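Peer 1: Here it is, the structure, as structure tokens.
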Amino acid sequence: MDNATQKSMDNATQMTHSVLQDGYDLPVYGLDTGWFLYIHVPALCCIFVSLLCASAVLVVSFRSQTRPFFSWMRSERFVVYLSMCDVLFNITQSLGHLQMVITKDHVYPVQLCEFYSFFLEFIAPAQVLVTHVAAFNAFGLVFLQKKLEFGKYDWKLLVINFGVPFVLSASAALSGYYGPMGYGCQFDPIKGDVAQIFFSTVPMTMVLVTNVVLYVLTWWKIHTESKRIKTIHENEAQTLLASHKASKLMSLFVTTFFVQWWALGIVSVWHNFAVVPQQFITVLVMFTNLGGVLRGVVYIIIKRRTDRNYINKPLKSSSQMSADSGISNSTTNVSVIDTHI
């Protein structure tokens, strides 16, 4: 390469860096190739179906219960927490995608895009952390015969899983890291490129890997213990069966985590090394916006299993119900029916 060519390339690079101030200086993703609607229309379809399912789960959950919320089984409360996140996530996503479809442009003004970004980066990590807790809870049930203690009114769960993402997202917003990313609002690819690595890529990768390890270990333990249940004492066998059923239900949340966020995990790493194909962006926006549908599937499975348990087993005492809800401070007895959480 001669000096003239090298100098020309250096000048072009310097010009590019001087012109690109933020994400608004980048083209709208897919608009110049005709792939624009193939990103946003599938996303909107998934969003509205997900919103409908999540709303239905919330309505049916509260209408079908006669007990106070914090005396519900853990799995039922988890479904509610995640469905509430789905509703907020889907509403925020729908507003952003609709505006882009109508205007064929980035989301304006910048303050609105930053507001959407703040909500998305608060809600999505909160959902991820809740499923992370479910993975640890399932792991603890089969390996330690105990479940995690969330404190009265789930205060530990709520403070950590929702408080931490709120503070981090607020910090990113105040630091000016949010903005348009070509097909929505999140981390600005110019101002927030480095921040995204620490706020999103690294945490998402760590959680994904940890959940895979916990998931595999949990099911390996269930598989190995299932082989010896018939050879052990009846009481011990009942305890193992109860912990297995509880772990399997908690593992449902981890399974839906993989289904919903696998594409985001790949893109979080991929975009740091190469341009992500437009076709895969369509896959990304579809799967990440199906949370409400996945929560509906989990709710139906939990409801069927708990209804079957109540039909086949006698009514429990109030002390048992307290233990089931997870608000008791004593060591959990996983042989109780509703640790089938």
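The values are calculated or read from the model by the stated rules, or taken from the named source; none is laboratory data. What you see is a predicted model; the values in this text were computed from it and never measured. Backbone-built Cβ (ideal geometry, glycine too); neighbour counts: all protein chains shown.
Peer 1: Could you give every pair whose Cβ atoms fall below 9 Å, whose first residue belongs to region 117-145 and is closer than 29 Å to A173 by Cβ, and whose second residue is of a type in the set (K, R) and buried (at least 24 other Cβ atoms within 10 Å of the Cβ), counting only separations of at least 6 or pairs across chains?
Peer 2: A134/R74
Peer 1: If you don't mind, another one. Select the helices (runs of 4 or more DSSP H) contained entirely in region 78-177, then report the ones holding at least 2 residues which are of a type in the set (S, T, Y).
Peer 2: Once the helices (runs of 4 or more DSSP H) in region 78-177 are filtered for at least 2 residues that are of a type in the set (S, T, Y), what remains is 110-143, 164-174.
Peer 1: Collect the residues in region 134-171 that are crowded, with 21+ Cβ neighbours inside 10 Å and β-branched (V, I, T), keeping them in residue-number order.
Peer 2: Matches in region 134-171: V142 only.
Peer 1: Here is a follow-up. Which residues, counting only those in region 18-45, are within 11 Å of G182 (Cβ to Cβ), among the β-branched types (V, I, T) and either in contact with a Pro (Cβ under 7 Å, 6 or more places away or on another chain) or outside any helix (DSSP H, G or I) (or both)?
Peer 2: Hit for region 18-45 is V28, nothing else.
Peer 1: If a residue must be surrounded by fewer than 18 Cβ atoms within 10 Å (Cβ to Cβ), assigned to a helix (DSSP H, G or I) and either of a type in the set (S, T, N, Q) or touching a residue at least 24 places away in the same chain (Cβ under 8 Å) (or both), how many such residues does region 46-66 contain?
Peer 2: 6
Peer 1: Kindly state which helices (runs of 4 or more DSSP H) lie completely within region 199-299 and contain at least 1 residues that are at pLDDT below 90 and buried (at least 16 other Cβ atoms within 10 Å of the Cβ).
Peer 2: On the way: elements: 202-226, 234-270, 278-288.
In region 199-299, 202-226, 234-270 are the helices (runs of 4 or more DSSP H) which contain 1 or more residues that are at pLDDT below 90 and buried (at least 16 other Cβ atoms within 10 Å of the Cβ).
Peer 1: So, one more: Among the residues that make up region 319-337, is at least one of them surrounded by 21 or more Cβ atoms within 10 Å (Cβ to Cβ), modelled with pLDDT of 90 or more and assigned to a helix (DSSP H, G or I)?
Peer 2: no
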